[in-house]
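Input: a single structure, listed below in structure tokens.
The values are calculated or read from the model by the stated rules, or taken from the named source; none is laboratory data. Keep in mind that what you see is a predicted model, and the values were worked out from it rather than measured. Every residue, glycine among them, receives a Cβ derived from its backbone with ideal geometry; neighbour counts consider all protein chains shown. Quick note on the areas: whole protein, heavy atoms, side chains included, nothing else; ligands and nucleic acids left out. Shrake-Rupley method; radii C 1.70, N 1.55, O 1.52, S 1.80 Å.
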Amino acid sequence: MSRSRTPARTAASSRRSAPKRAGKEAPSGSLRSWRQLEQRQFDQIGLGLLALSVFLVFLMYLGAWGGAIGDGLVDGLLSLFGQVAYIAPPAVAAAGLLLILRPLLPAIRPFRTGALLLLSALMLLFATGTFGLGGGTGRDELFTAEVVRPRGGVLGDALYWALSSALGDIGAHVVGVTLLLGGVLLLTGASIASMVSRTGEGLRQTTTALRRVPSGTTSDEPAIPVERPARRRAAPPAEDPTSGPTPPRPRRRTPDAATAPDEDRTGEEPVVRRARPARVSEPDAGTGEVRATRGAPDDAPATPELDGARRYPDLFGEAPPMTFEPPAPVPDEPEPAVDEEPPTQIAPRAAARAAAAAAAAAAREAAERDDEEPATADEEPTERDAPAERPSLQELRERQPMGGSPEGAPEDGYVLPDPSLLKVSAADQLRPDTAGQEETAAALVEALQHFKVEAKVIGTIAGPHITRYELRLAPGIKMSKVAQLKDDLAYALAATDIRILAPVPGKTAVGVEVPNKRRRVVHLGDVYDDPPQGETPLTVWLGKDVSGAPIHADLAKMPHLLVAGTTGAGKSGCVNAMLSSILLHATPDDVRLVLVDPKQVELNHYESVPHLLTPVITSPKMAANALQNLVREMEWRYGVMSVKKTRNLPELNRVRIDEGDEPLPYILCVIDELADLMMVAPADVEDAIIRIAQKARAVGIHLVLATQSPRVDVITGMIKANVPSRIAFSVSSQTDSRVILDQNGAESLLGRGDMLFNPVGSSKLTRIQGAYIDEAEIAALTRHWATQGEPELREDLLEAAEEEPADDAGGDDLDNDSDPLLADAIELVVEMGAASTSGLQRRLRVGYTRAGRLVDMMERRGIVSAFEGSKARQVLISPMDLPRVLAQARGDASAAASADEPTGPSAPPTDDAGDDDDRTGEHAALSSAGA
Ligand SMILES: Nc1ncnc2c1ncn2[C@@H]1O[C@H](COP(=O)(O)OP(=O)(O)OP(=O)(O)O)[C@@H](O)[C@H]1O
């Protein structure tokens with residue numbers, strides 16, 4: 001993190017968290033000011049407590065004279081707490097140490113409560129005389145000078161008196177012991193069940209280990225097998241971007257520095273470092289990498305995993321910040337398992353640590369398993385085990401990976417652009433326009449009254465372009481009534497367009513979003529920040545939400561994004577903001593770009609950045625080729641991942657770096673006008689998009705598809721199903737809005753960057769005013785990159801994909817109802833008892849399109865049931881029918897006729913049954929041609 005950026009970043013962060021706090025109950029003044037103290041102030045307090053502890057040791061344990069204050073203090077403590085006061089010196093020292101070391105310690109929420117319970121329990125036990133503590137002289141002499149000191153002090157006596165009055169002596173004993181146990185549990189973070197289970201587990205392990213000891217083991221030999229060293233190098237300690245001094249921008253950031261949050265990066269290092277190869281960063285929780293988040297110096301060793309954090313994750317960590325990082329939904333076809341993250345939040349630090357430990361343990365186990373036993377053949381095959389059209393080993397070896405450092409890349413690493421080249425709004429422009437808010441609120445309530453809707457405004461939230469008025473309706477009034485009044489309210493408020501949220505998600509309120517009189521332009525510089533910890537280099541800044549909080553998204557987690565809206569609504573602006581965000585923090589070693597711009601004017605600014613993998617593609621045909629070649633790259637990456645036994649790009653890159661290979665970058669393909677491509681080669685483009693969208697997430701290939709034509713022939717059902725994250729800009733009708741978002745809303749947007757963001761896994765739409773970056777800023781940014789090397793273009797990406805004989809047999813030029821693999825497919829589905837396109841893809845090693853066509857052919861022949869949404873297709877024939885059906889499929893009609901067992905349900909006649917003969921003739925021809 002750069003020093004010069006720190007203030008801006010801090011400002012941005014505090015702005016971001018402000019609305020979150022606004023929604024919560026304000027903490028009390030003293031608590032708030034306590035929390036606002038900085039660590040150096042905590043250090044001072046901690047030192048003071050340590051000194052006090054030493055002082056008390058002398059006074060209380062060694063009998064030293066402490067002067068008036070010291071002795072008074074000891075007297076007071078003894079009177080108040082009795083014998084329990086003797087734990088004051090270590091307790092005060094512990095409190096001091098906790099304050100000093102708090103950046104290194106996990107947040108243990110119930111600490112204070114635990115300490116309080118323990119203290120109360122001890123005082124009570126001393127006062128009550130439980131376990132013979134304190135003498136226990138009963139209630140008669142309570143509060144007398146003779147007994148308070150040797151027992152639980154005045155406070156202990158007070159507790160004892162209250163409890164014994166209410167519950168008797170027995171009750172006081174029971175409560176004392178219970179409080180003691182409760183305090184211990186809270187302080188240690190243990191739970192009774194887990195203690196029981198861990199004890200059982202420990203016993204089991206010990207017994208097992210003892211049983212394993214060979215009879216001849218001598219005392220010198222280790223009885224319990226020693227853990228084998230992991231085969232792979234463990235992940236280095238995490239980097240903490242929030243700590244330590246940060247070098248000023250412009251800085252030279254090496255690919256390592258840019259992309260390897262787990263590499264050592266101290267502030268003292270020279271700013272320029274040559275440290276290729278890069279390591280692509282990865283999500284925290286997914287990969288289990290350990291990252292310190294608070295105060296730990298960069299070069300400090302990673303805080304050791306706390307046992308409690310692993311076993312009792314619920315007790316550790318802090319409230320997660322708001323962000324959009326949803327996991328990808330599982331498409332029809334299962335992706336190779338990649339580490340998932342919780343849908344809407346960054347994992348708390350301790351949870352991340354726990355995940356890290358679990359992942360590390362799993363990796364160790366896996367490494368050991370690899371050493372010990374080869375994979376068994378009967379293991380459940382996964383997509384990764386048998387990817388469709390997996391390249392051969394030869395191909396894997398020969399192919400040149402996409403990425404690597406472009407020609408002429410600076411020897412000493414890339415220099416990242418300074419974000420200060422971005423324009424920042426003036427202070428008055430950063431504040432939303434709140435003029436006339438009261439009048440609008442009053443007019444709103446009045447207008448609703450005219451329509452017999454009783455409501456009152458319970459809150460307003462003002463953003464850069466709209467203000468949301470939150471209404472509480474009188475009992476018995478339906479929300480839908482307000483929604484129906486949209487146009488009337490717009491008329492009453494003299495507003496261009498209003499949007500009604502009925503209800504506001506998560507609130508008992510109806511929201512009415514009214515455009516502000518003066519809209520604020522949100523400049524990218526107002527919201528831009530480096531990717532938060534745990535995010536990938538594909539993190540982009542989208543703009544500000546209705547409360548003015550900056551919103552970012554990690555495209556790698558989207559994992560693909562659809563951007564649609566009418567012309568002039570701000571799509572290109574949004575794409576520019578995304579690309580610029582990436583160019584501001586990612587080097588060509590982190591991210592490579594494939595830009596498709598059929599309009600030829602939107603993305604040509606980027607033609608000289610070294611991040612490009614191809615020239616900016618303007619021809620739809622070339623774009624279709626590029627997409628198909630990206631599918632090959634994807635398959636190649638899967639092949640490599642399978643050989644290296646890794647599950648996602650960051651893991652693969654770790655292995656590649658260990659083996660001295662260049663890591664692979666993320667690849668982002670941005671298509672600025674999907675409709676143009678879909679006009680030229682709909683089948684090929686759709687097929688390639690679907691295949692990339694379904695599978696490419698794990699290998700780091702991601703798509704951003706933009707279109708100004710939100711029509712079903714452009715955004716087809718299959719594309720929609722596989723591109724789960726959507727951004728809708730203003731559209732002209734509710735139908736268009738539903739095509740993009742599956743719900744209304746985008747028809748009420750204001751244009752010029754006003755958008756609704758629907759990240760994957762969330763049904764909630766976030767309204768955002770898009771960040772804007774003008775051409776001069778983009779030019780400055782691209783100039784900065786252009787001086788650091790030419791793009792190393794992979795022209796082969798634009799070449800027409802080589803025809804694959806196996807797949808071509810089922811290609812476009814063939815009859816739609818015949819395929820040499822049909823008989824095999826039929827056999828397979830009968831054998832499997834179900835028909836799925838992905839199953840056929842895997843087992844027959846064919847592409848998606850061909851497998852889909854085979855299923856269609858079987859449906860037409862009555863072999864499998866029709867498509868029923870998410871339900872699997874049923875196989876309608878029995879194994880007994882197989883010979884006849886296969887004979888038909890192979891075009892051997894005579895074999896079918898002479899088959900001995902023509903029993904069982906015959907395949908239902910199909911409309912095109914009459915054509916079968918012709919087709920079987922073709923089949924035979926094809927089969928023999930193929931042979
Ligand atoms: N985030 C924004 N803030 C303010 N104004 C914006 C923003 N985005 C776009 N605009 C304005 O809207 C105009 C049109 O934007 P843009 O070119 O991005 O639209 P588009 O949807 O890509 O249109 P087309 O599909 O025709 O390319 C821009 O010239 C700019 O003035």
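One table, with the values for the structure above:
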quantity: Hits in the range 496-543 (condition: among the basic types (Lys, Arg), within 27 Å of residue 480 (Cβ to Cβ) and modelled with pLDDT of 90 or more); calculated: 499
quantity: Any hit, the range 527-535, residues being within 16 Å of the ligand (Cβ to nearest atom) and over 18 Å from the mean Cα position of the chain (by Cα); calculated: yes
quantity: Residues of the range 484-497 classified as under 15 Å from residue 453 (Cβ atoms), of a type in the set (Gly, Ala, Ser) and surrounded by fewer than 16 Cβ atoms within 10 Å (Cβ to Cβ), total; calculated: 0
quantity: Members of the range 471-509 found to be more than 18 Å from residue 749 (Cα to Cα) and assigned to a strand (DSSP E or B), listed by number; calculated: 471, 472, 473
quantity: Criterion violated by residue 614 - all others in (1) buried (at least 21 other Cβ atoms within 10 Å of the Cβ); (2) polar (S, T, N, Q); (3) within 13 Å of the ligand (Cβ to nearest atom) satisfied; calculated: (3)
quantity: Filter result for residue 703 (part of a strand (DSSP E or B), away from the ligand (no atom under 16 Å from the Cβ) and either modelled with pLDDT of 95 or more or not polar (S, T, N, Q) (or both)); calculated: yes
quantity: Scan of the range 838-867 for residues that are open to solvent by 50 Å² or more (accessible area, probe 1.4 Å) and in contact with a Phe, Trp or Tyr (Cβ under 7 Å, 6 or more places away or on another chain), ordered by number; calculated: none
quantity: Scope the range 562-610; condition away from the ligand (no atom under 13 Å from the Cβ), touching a Lys or Arg at 6+ places or on another chain (Cβ under 7 Å) and within 16 Å of residue 672 (Cβ to Cβ); matching residues; calculated: 562
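So that you can scan it fast, the table gives a plain yes or no per residue for (1) buried (at least 20 other Cβ atoms within 10 Å of the Cβ); (2) among the hydroxyl-bearing types (Ser, Thr, Tyr); (3) under 26 Å from the mean Cα position of the chain (by Cα):
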{"residue": "710", "(1), (2), (3)": "yes, no, no"}
{"residue": "714", "(1), (2), (3)": "yes, no, no"}
{"residue": "717", "(1), (2), (3)": "no, no, yes"}
{"residue": "727", "(1), (2), (3)": "yes, no, yes"}
{"residue": "731", "(1), (2), (3)": "yes, no, no"}
{"residue": "734", "(1), (2), (3)": "no, no, no"}
{"residue": "744", "(1), (2), (3)": "no, no, no"}
{"residue": "747", "(1), (2), (3)": "no, no, no"}
